[in-house]
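What follows is a set of notes on a single structure, which appears directly below.
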Amino acid sequence: MYVVLVTYTAPVSDVDYALPDHSEWLTKQYEQERLIASGRRDLHRGEVMITRPMSRLKLDAMLASDPLSVQHLASYEVIEFSASRTCHELHRINELLAG
């Protein structure tokens, strides 16, 4: 499981122009059950994504296909972690991690 910190590296106007394509990309990631949560960071400086468990290679490929990455508008910090506890709603994901 990963937390991905996305930091915008381009002017806000450039990022805002790319956000519709990025939003479509996010929708596809949710449809493919790769993401658990995502949202904008404060002060419009980037985003945070929490992924389901996957290989690091798969995550890197996923992030490389993000329009913000393709257009060189953001950088990504990836934090890998193993959830030892989750809220009830995420219990199924926690069981996957244990297996």
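The values are calculated or read from the model by the stated rules, or taken from the named source; none is laboratory data. Owing to the predicted nature of the structure, the values given are computational and were not obtained by experimental measurement. Please note: Cβ atoms are built from the backbone with ideal geometry, for glycine as well, and neighbour counts cover all protein chains shown.
Yes/no per residue for (1) in a helix (DSSP H, G or I); (2) aliphatic (A, V, I, L, M):
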{"site": "Ser13", "(1), (2)": "yes, no"}
{"site": "Ala18", "(1), (2)": "yes, yes"}
{"site": "Trp25", "(1), (2)": "yes, no"}
{"site": "Gln29", "(1), (2)": "yes, no"}
{"site": "Glu33", "(1), (2)": "no, no"}
{"site": "Ile50", "(1), (2)": "no, yes"}
{"site": "Glu77", "(1), (2)": "no, no"}
{"site": "Ala83", "(1), (2)": "no, yes"}
{"site": "Leu90", "(1), (2)": "yes, yes"}
Kindly list, by first and then second residue, each pair from a residue in the range 68-91 that is among the charged types (D, E, K, R) to a residue that is surrounded by 10 or more Cβ atoms within 10 Å (Cβ to Cβ) and in a helix (DSSP H, G or I), limited to pairs with Cβ atoms under 8 Å and residues at least 6 apart or on different chains. Glu80/Arg56; Arg85/Asn94
Could you please let me know if Leu59 is in contact with a Phe, Trp or Tyr (Cβ under 8 Å, 6 or more places away or on another chain) and either surrounded by fewer than 11 Cβ atoms within 10 Å (Cβ to Cβ) or assigned to a helix (DSSP H, G or I) (or both)? yes
Would you point out the residue of the range 17-53, among those that are hydrophobic (A, V, I, L, M, F, W, C) and modelled with pLDDT under 95, that is farthest from Thr86 (Cα to Cα)? Leu43
